[in-house]
Structures are given as C-alpha cells and as structure tokens.
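**Student:** Have a look at this one.
The values are calculated or read from the model by the stated rules, or taken from the named source; none is laboratory data. All values reported here derive from a predicted model rather than from experimental measurement. Backbone-built Cβ (ideal geometry, glycine too); neighbour counts: all protein chains shown. Quick note on the areas: whole protein, heavy atoms, side chains included, nothing else; ligands and nucleic acids left out. Shrake-Rupley method; radii C 1.70, N 1.55, O 1.52, S 1.80 Å.
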Amino acid sequence: MKLLVTGGAGYIGSVVAAQLCEAGHDVVVLDDLSTGHADAVPPAARFVRAPITEAGDTLAEGGFHGVLHFAARSLVGESVEHPDLYWANNLGGTLALLDAMRTHRVPRIVFSSTAATYGEPDTTPIEENAPTRPTNPYGASKLAVDTALTAFAGMYGLAAVSLRYFNVAGAYTAADHRVYRERHTVETHLIPRVLAVALGLDDSVSVFGDDYPTPDGTCIRDYIHVADLAQAHLLALPACAEGTHTIYNLGNGTGFSVRQVLSACRDVTGHPIPAITRPRRPGDPAVLVASSARIQHELSWKPAHPSLHAIITDAWQALRP
Ligand SMILES: NC(=O)c1ccc[n+]([C@@H]2O[C@H](COP(=O)([O-])OP(=O)(O)OC[C@H]3O[C@@H](n4cnc5c(N)ncnc54)[C@H](O)[C@@H]3O)[C@@H](O)[C@H]2O)c1
Ligand SMILES: O=c1ccn([C@@H]2O[C@H](COP(=O)(O)OP(=O)(O)O[C@H]3O[C@H](CO)[C@@H](O)[C@H](O)[C@H]3O)[C@@H](O)[C@H]2O)c(=O)[nH]1
C-alpha cells in the first residue's frame, strides 16, 4: 500500500514507519518536527516536513491507500496548562487531515488513541466499552477524534481503526540494524526518566505519590513494547472496513507499580537508581491496565515481548553509548 504516516519522525511513528517499509509498503512520512527528529525517519521512507494541516498538499499527488496518524501533542501536564494547543493540534489538525482525506479519496485511517480517553476506570482490566471520562485535555482531544471518526465512518464511508495505547516503552532494532528509540526533548515518561539516572544524566528519579490505593501505594500501569504495538498497526491496516470505526485497546494486561518498574530498572542496569517520593502528579489515575482481548481475538495480535524486564532491557540497550 501507499501510506502517509503523520508523526513518523516521532518515537512510535518512526517504529511503525520502519516496520511498514520492511513489509514492503510505500511510505511517506509527514512531520513538522515539533517533537520529532528528521534522522528518525526510516531511510526507505520519503520525508515531507509539514504540519498535518497541510497534509492535503501531499495527498493531492494521489494513490494513497491509507493514513497512519500519530502526529499529536501528548503531554498530559502541558495539556492542562495549554488546552488551546491540544484542541487546535489534536482535534483541529486531525479534522483538517480528515477533510483532505475526503477530498483526495483516501479510504482508511489508523489513529493513535490512548488509555487517557478512559480516565479513572470503574473496573480493571479496561475493555473498549468502558466509560470514557478523560481527566485532562489531552485525553479529551483524543476522545473527540475517536467520536469524529465514528461519525465520518457512518456518514462518509471512512474505514477507521483507533488503537488505544497504554504505556509504550522499549526500543526497536530494524532489519538494517538501525535502532529506533524514545528521545523526547521534554521527557515525562517513567522508564526513560529512570534510565536517565542509570546513565548518570540525573541524580535521582521522582516517585509521584506513594499514597494511592495500590499494594505499594504507587501508580500501576500496563507497559507494552513499542515493537509489539507497531505490529498491531500492520494488522489493523488491512482490517479497516469501509463505513466502520473499530476501537482496540493495546496493552499486555499486567500492571506494574512505579516501585516495581524502578526495581526492574535496577536489575537491568545494575545501578542503585536513587528515588525521591514527591506529591502526586495531577491527573494521574491510580491503576490503568488494558484488556486487549478484542484485538487478540479479532486480529490475532499477540505480543512477542510481554515481559517488563525485556521491555526495559531493550530500552536500556538502545540508550547505552
Ligand atoms: N508514548 C505513549 O506512551 C503513548 C501512549 C498513548 C498514545 N500515544 C500517542 O501516540 C502518538 C505518538 O506518540 P509518541 O510518543 O511517538 O510522540 P512523539 O512526540 O515522539 O511523536 C509525535 C510526532 O508528531 C509530530 N507532530 C506533532 N504535531 C504535529 C503536527 N501538527 N503536524 C505534523 N507533525 C506533528 C512531532 O514532531 C513528532 O515527530 C501520539 O498521537 C500520542 O498521543 C502515545
Ligand atoms: O518521573 C516520573 C515519571 C512518571 N512517574 C509515574 O509513573 C507512572 C507512569 O507515568 P508516565 O510514564 O508519564 O505515563 P502515563 O502518565 O501513564 O501516560 C502514558 O500512558 C498513558 C496510558 O496509560 C497514555 O495515555 C499517555 O499518552 C502516555 O504518556 C505515573 O504514575 C507517573 O506519575 C513517576 O513517578 N515519576
């Protein structure tokens, strides 16, 4: 297929773009490099530096079979402080992209949605029919896109899949030995922040809250390897059906507390990794664990690297000089 990958210079988008190229697809990456890196774009992909609001200029060349849409702002804290940026980029930008897709008759989209659309869950693990009550503008903007996709599928025949990622981590080594890893300039994610301490870039890591209603008092999350997450996109693409919008959760179904992640990182790196307990981070639900039963049953998705130890080991190997 000829595919447009928005956000393909970012962490997850670059891994998916690499796997799409390896599978023989014709890939065009569109990215404004606001948080991405030009050298993360796989060599086999064509790169267009542009915002998603200008995607129509690229789609106009014709022949595109689909869009994989990763481009977004995705920092929860920033979304609380600057909701305008999130509504404009994540919803406004995506509506412009969908409009361009209709104009240029691009039939399918795979969209990066998020566990943040659910907010604080009533039950665990979270299934796709759980209530959606986002606790921050980031999650709300992603939920709004999911809602639009349902309407566009029903009215305009769009073929859409939303993948709701839980906590993505790890690194991917492609067939050509290129390593794709997380390298956000502003890094807020737990595993890279912990590994930065092991690398000597920071003195200690903060543990945001130890008074949650969990066994050790710290938040529990479901960590998924970026390579397994990427594979789900390759399965979702051919499964997109005209007039249908399907939502799939993506996690491993096992929760790990912040302290368990710290302990696993100490095992992997052999570094003591000092930790300092700090107040809770606003907007953090206590427990987020996915049920991925739907995508396992319907698309035969099966994670190849479900162990937290393996996820952290890959992230660590990719970081070491
Ligand atoms: N990392 C996670 O754990 C996680 C979890 C759930 C959902 N997601 C979603 O997955 C997607 C990718 O996340 P990531 O961690 O790779 O983030 P990232 O910041 O590494 O990648 C996003 C990419 O999109 C580009 N971009 C942003 N706005 C753009 C615009 N208007 N026009 C063109 N390009 C633009 C950035 O330059 C960057 O390269 C996002 O949509 C995010 O919301 C990520
Ligand atoms: O230095 C840190 C960083 C994080 N945490 C905690 O670690 C947990 C995980 O945090 P983080 O890695 O920032 O991920 P989340 O906030 O859970 O958000 C990620 O995972 C969500 C799904 O679970 C997605 O919706 C988001 O897009 C994605 O960023 C949370 O309890 C944080 O409070 C710390 O204690 N110290």
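**Student:** Return a yes/no flag: does the stretch 205-226 have any residue that is modelled with pLDDT of 95 or more, among the small types (Gly, Ala, Ser), in a strand (DSSP E or B) and touching a strand residue (DSSP E or B) at 6+ places or on another chain (Cβ under 9 Å).
**Tutor:** Looking through the stretch 205-226, at least one residue is modelled with pLDDT of 95 or more, among the small types (Gly, Ala, Ser), in a strand (DSSP E or B) and touching a strand residue (DSSP E or B) at 6+ places or on another chain (Cβ under 9 Å).
**Student:** Can you tell me which residues in the stretch 97-124 are in a helix (DSSP H, G or I) and either near ligand 1 (Cβ under 9 Å from one of its atoms) or not small (Gly, Ala, Ser) (or both)?
**Tutor:** If the condition is that a residue be in a helix (DSSP H, G or I) and either near ligand 1 (Cβ under 9 Å from one of its atoms) or not small (Gly, Ala, Ser) (or both), then Leu97, Leu98, Asp99, Met101, Arg102, Thr103, Ala115, Ala116, Thr117 are the ones that fit.
**Student:** Now a separate question. Do you know which of the residues in the stretch 38-59 that are among the aliphatic types (A, V, I, L, M) and within 20 Å of Tyr172 (Cβ to Cβ) is most open to solvent (accessible area, probe 1.4 Å)?
**Tutor:** Going through the qualifying residues, I end up with Ala44.
**Student:** From the list Leu237, Leu201, Leu229, which residue is without any contact (Cβ under 8 Å) to a residue 60 or more places away in the chain, closer than 28 Å to Thr35 by Cα and more than 11 Å from ligand 2 (Cβ to nearest atom)?
**Tutor:** Only one candidate passes the filter, namely Leu201.
**Student:** For the stretch 129-147, enumerate the residues that are open to solvent by less than 20 Å² (accessible area, probe 1.4 Å) and either modelled with pLDDT under 95 or under 17 Å from Tyr248 (Cα atoms) (or both).
**Tutor:** Asn136, Gly139, Lys142, Val145, Asp146
**Student:** Hey, any hits in the stretch 60-73 for a residue that's within 30 Å of Glu242 (Cβ to Cβ), open to solvent by 10 Å² or more (accessible area, probe 1.4 Å), part of a helix (DSSP H, G or I) and more than 10 Å from ligand 1 (Cβ to nearest atom)?
**Tutor:** no
**Student:** In addition: Hey, can you tell me all the residues within the stretch 252-281 that are open to solvent by 50 Å² or more (accessible area, probe 1.4 Å) and within 12 Å of ligand 2 (Cβ to nearest atom)?
**Tutor:** Residues satisfying the conditions are Phe256, Arg259, Gln260, Ile276, Thr277, Arg278, Pro279, Arg280, Arg281.
**Student:** On to the next question. Hey, among the residues in the stretch 20-36 that are touching a residue at least 60 places away in the same chain (Cβ under 8 Å) and closer than 16 Å to Phe70 by Cα, which one's nearest to the chain's Cα centre (by Cα)?
**Tutor:** So, considering only residues that are touching a residue at least 60 places away in the same chain (Cβ under 8 Å) and closer than 16 Å to Phe70 by Cα, the one nearest to the chain's Cα centre (by Cα) is Thr35.
**Student:** For Arg105, indicate whether it is out of contact with any Phe, Trp or Tyr (no Cβ under 8 Å at 6 or more places or on another chain) and surrounded by fewer than 22 Cβ atoms within 10 Å (Cβ to Cβ).
**Tutor:** Yes; evaluated as a whole, the condition is true for this residue.
**Student:** Just to be sure I understand the filter: pairs with C-beta atoms under 6 Å, separated by 6 or more residues or on different chains, first member in the stretch 37-55 and over 14 Å from Val67 (Cα atoms), second member among the acidic types (Asp, Glu). Which pairs pass?
**Tutor:** From the stretch 37-55, the pairs are Pro51/Asp32.
**Student:** Test Thr173 against the criterion of being open to solvent by 70 Å² or more (accessible area, probe 1.4 Å), of a type in the set (S, T, N, Q) and at pLDDT 95 or above, and give yes or no.
**Tutor:** Taking the combined requirement at face value, the residue satisfies it.
**Student:** So, one more: When the residues of the stretch 282-310 are narrowed to those that are assigned to a loop (DSSP other than H, G, I, E, B) and either β-branched (Val, Ile, Thr) or free of Cβ contacts under 8 Å to residues at least 40 places away in the same chain (or both), which ends up most open to solvent (accessible area, probe 1.4 Å)?
**Tutor:** In this case the residue turns out to be Lys302.
**Student:** Of all residues being modelled with pLDDT of 95 or more and in a loop (DSSP other than H, G, I, E, B) in the stretch 178-200, which is least open to solvent (accessible area, probe 1.4 Å)? Just the residue, please.
**Tutor:** Among those that are modelled with pLDDT of 95 or more and in a loop (DSSP other than H, G, I, E, B), it is Glu182.
**Student:** Then there's this: Identify, please: which residue in the stretch 148-170 is among the aliphatic types (A, V, I, L, M) and assigned to a helix (DSSP H, G or I) and is, among those, most open to solvent (accessible area, probe 1.4 Å)?
**Tutor:** Met155
**Student:** Continuing with the same structure: Filter the stretch 204-226 for residues that are of a type in the set (Ser, Thr, Tyr) and crowded, with 22+ Cβ neighbours inside 10 Å; which is nearest to ligand 2 (Cβ to nearest atom)?
**Tutor:** Thr218
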